Amino acid sequence: MRILHSLLILCFFLFSFNSYADDNDTMTQYNVVIEEPAQIISDLKTIKLHRTYFNPQIETFAILVDLLPLFQARANYFKALAEQQMALLQLEQAQWDMRRVQNLQHENIISTRKFREQKTHLDIAKVNAQASQSQSETLRLQTEAQWGKIVSHWFLSAQSPHFLDLSEKNKCLYLLYLPKQLKVPPTTIALQTANQNEPKQAAKLISNAPISGINQQTGAPYFYLSNKVFEGYQQRVNAWIPTQEAALSGVIIPVSALVWHLGQSFVYIKVDDEHFKRILIGQKKRINTENYFIQRTLQQDDILVISGAQMLLSEEFRGQIPTDDDDD
């Protein structure tokens, strides 16, 4: 029964489709004529286009920051702080012992040698305290030089909500090289996985990234914090950067409306009940995996074919093939 049904549909198409094409291969009022019953059988679908506005964006990429060096810097810093605290306690003890020895010396209870030994212990305690303090300060300055003050503060603070979020992978830190045509980093960008299977996620500007060895072909680096973690903890994601340009006026069309011929993309517009016109789409901006923004060529209230465009293209060119009668 299915085979018989398919043969009936095929016969109906052959006797119902009437195709027309301009002899000079230029645009005419219409390119294809499809009778209404054939449109229903072929499941041809259309939508009416509406004017919308699109904010221009620049597509680039962002890199997930490896936080292991920061975790190591945190461990070294707090170890240095602990050593500093121990050195200060030893210094306090040495100072107390020195005061006691001084009192005993005034009463001629202890020898001068004992007094000198205690003063040496005090001097050593002072040096150790200063060295430990210098060590922790050096680690802090090194971390700030490599990561900036804001990110360093997150990891070198005893209790930081951002550190907890990052360590528990509730948030992600990304590195973005700002395209050279942009001078000021935007406060918010959109991130999306490379396969574009997940929705875009907002990321907030944190600070500049004082990273050495920057490629001269790239712009200035900045840190962005994403409030969500991509599935699979993506190492590299697409980044969409808003520009300062004014919003563009145009229409949005689905990907399914496009057909391709000789490397160019086209859509079909329904002129009336049975006539369809093929339109070249020269420029289009991809909004997401399902839609394009078209600034020119298409207009509001155009009736766009969103299902069946490939069939119309095939039928249009089938109508251009000369028959034996045309050769006579």
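Along the range 116-130 the Karplus relation, 6.51 cos²θ - 1.76 cosθ + 1.60 evaluated at θ = phi - 60°, assigns HN-Hα couplings of 5, 4, 5, 5, 5, 4, 5, 5, 5, 4, 5, 5, 4, 5, 5 Hz to successive residues, with x for each Gly and Pro. Each Lys or Arg adds one and each Asp or Glu subtracts one; over the other residues with Cβ under 13 Å from the Cβ of THR60, this totals +1. As a length-normalised measure over Cα pairs under 8 Å and 6 or more apart, the relative contact order of the range 68-156 settles at 46 percent. Extension gain for ARG116-ASN55 works out to 14.2 nm (0.36 nm per residue, less the C-alpha to C-alpha distance). At full extension, LEU141 and ILE63 could sit 25.6 nm farther apart than now, given 0.36 nm per residue minus the alpha carbon distance. Here the range 68-164 is treated with +1 on each Lys and Arg Cβ and -1 on each Asp and Glu Cβ, and its dipole about the Cα centre works out to around 120 debye. The calculated FRET efficiency for the pair LEU262 and ALA202, based on their C-beta separation and a Förster distance of 56 Å, comes to about 0.90. Remark: C-alpha extents of the range 68-156 on the principal axes read 58, 17, 14 Å, sorted largest to smallest.
Computed about the Cα centre, the dipole magnitude for the range 52-105 is approximately 300 debye when only Lys and Arg (+1) and Asp and Glu (-1) carry charge, each at its Cβ.
If the viscosity is 0.890 mPa s and the temperature 25 °C, what Stokes-Einstein diffusion coefficient in µm²/s follows for the range 236-317 when Rh is the Kirkwood radius over Cα pairs? Stokes-Einstein gives a translational diffusion coefficient of 175 µm²/s.
Measuring against 31 Å, Cα to Cα, the residue pairs LYS45/LYS228; LYS119/LYS149; LYS180/LYS285; LYS200/LYS277 contain LYS45/LYS228; LYS119/LYS149; LYS200/LYS277 as the ones spanning a longer distance.
Readers should treat all values here as calculations from the given coordinates under stated rules, not as data from a laboratory. No experiment lies behind these values; they were computed from the predicted model shown. For neighbour counting, all protein chains shown are included, and Cβ atoms are generated from backbone atoms with ideal geometry for every residue, glycine included.
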